[in-house]
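The values are calculated or read from the model by the stated rules, or taken from the named source; none is laboratory data. Every value quoted in this text rests on a predicted model; they were computed, and no experiment measured them. Please note: Cβ atoms are built from the backbone with ideal geometry, for glycine as well, and neighbour counts cover all protein chains shown. Areas reflect the complete protein model, heavy atoms only, side chains present, ligands, DNA and RNA absent. Shrake-Rupley method; radii C 1.70, N 1.55, O 1.52, S 1.80 Å.
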Amino acid sequence: IFGTVCAEIAVIKNKDKNPEIFLTYRDDKFFKGWHIPGRVCIPTEKIDDTLKRVCEEEIKMPITKKKFFGWFERPFGKGVGECPRGHEFSFVFMAELKGGAIENHVEKFFPLNKLPKDLILLQTPIIKKLLDFYK
């Protein structure tokens, strides 16, 4: 039995006042709702390569250097902190927005303390840790 390895980037703006996080909307056979940009690591791919794909394919904005924030284990399931596609290990990095925000109806910033109701449940432990970090 193997777990899937993922890499995610929590992009933050206004970190000193009212921190906001960049989320993207996802609607596929596993997930429907808002989530922190991230990708599954392809076999033989390094985490840094996966992070580059996240920046190019999902974030599409200049960010500061990525800093490791923590890792999260997500057992198989459909509840809070669980993954419906199988057991996952996610490496989460933080970065700040560098320059202006590029947003649309499926890619935008939300106040960290006022997130959309349809946030994907597996993201909840990361959000809680981010809220603690910015207290």
* State which residue is nearest to Leu122 (Cα to Cα) when the search covers only the range 49-73 and only residues that are acidic (Asp, Glu) and open to solvent by 70 Å² or more (accessible area, probe 1.4 Å). => Glu73
* Structure fact -> Selection over the range 21-48 where residues are more than 17 Å from Pro84 (Cβ to Cβ), of a type in the set (Asp, Glu) and either open to solvent by 60 Å² or more (accessible area, probe 1.4 Å) or under 13 Å from the mean Cα position of the chain (by Cα) (or both) yields a count of 1
* **The lone exception for Lys135 - which of (1) open to solvent by 30 Å² or more (accessible area, probe 1.4 Å); (2) within 11 Å of the chain's Cα centre (by Cα); (3) not small (Gly, Ala, Ser) it fails** => (2)
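Restricting to the range 21-49, name every residue that is in contact (Cβ under 8 Å) with a residue 60 or more places away in the chain and under 17 Å from Val92 (Cβ atoms). Show your work before the answer.
Narrowing the range 21-49 to residues in contact (Cβ under 8 Å) with a residue 60 or more places away in the chain: 21-26, 31-36.
Ile21, Phe22, Leu23, Thr24, Arg26, Phe31, Trp34, His35, Ile36, listed by residue number.
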* Structure fact -> If we keep only residues of the range 79-135 that are part of a loop (DSSP other than H, G, I, E, B) and of a type in the set (Val, Ile, Thr), then the residue farthest from Asn14 (Cα to Cα) is Val80
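Just checking, which of Phe76, Phe110 is surrounded by 11 or more Cβ atoms within 10 Å (Cβ to Cβ) and either of a type in the set (D, E, K, R) or modelled with pLDDT of 95 or more (or both)?
That would be Phe110, the only listed residue that is surrounded by 11 or more Cβ atoms within 10 Å (Cβ to Cβ) and either of a type in the set (D, E, K, R) or modelled with pLDDT of 95 or more (or both).
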* Structure fact -> If we keep only residues of the range 79-107 that are open to solvent by 60 Å² or more (accessible area, probe 1.4 Å) and of a type in the set (A, V, I, L, M), then the residue farthest from Cys6 (Cα to Cα) is Ile102
* Asked: Which residues, taken from the range 86-120, are within 18 Å of Trp71 (Cβ to Cβ) and of a type outside the set (Val, Ile, Thr)?
  -> Gly86, His87, Glu88, Phe89, Ser90, Phe91, Phe93, Met94, Ala95
* Asked: Could you count how many residues in the range 45-94 are in contact with a helix residue (DSSP H, G or I) (Cβ under 8 Å, 6 or more places away or on another chain) and more than 25 Å from Asp118 (Cα to Cα)?
  -> 2
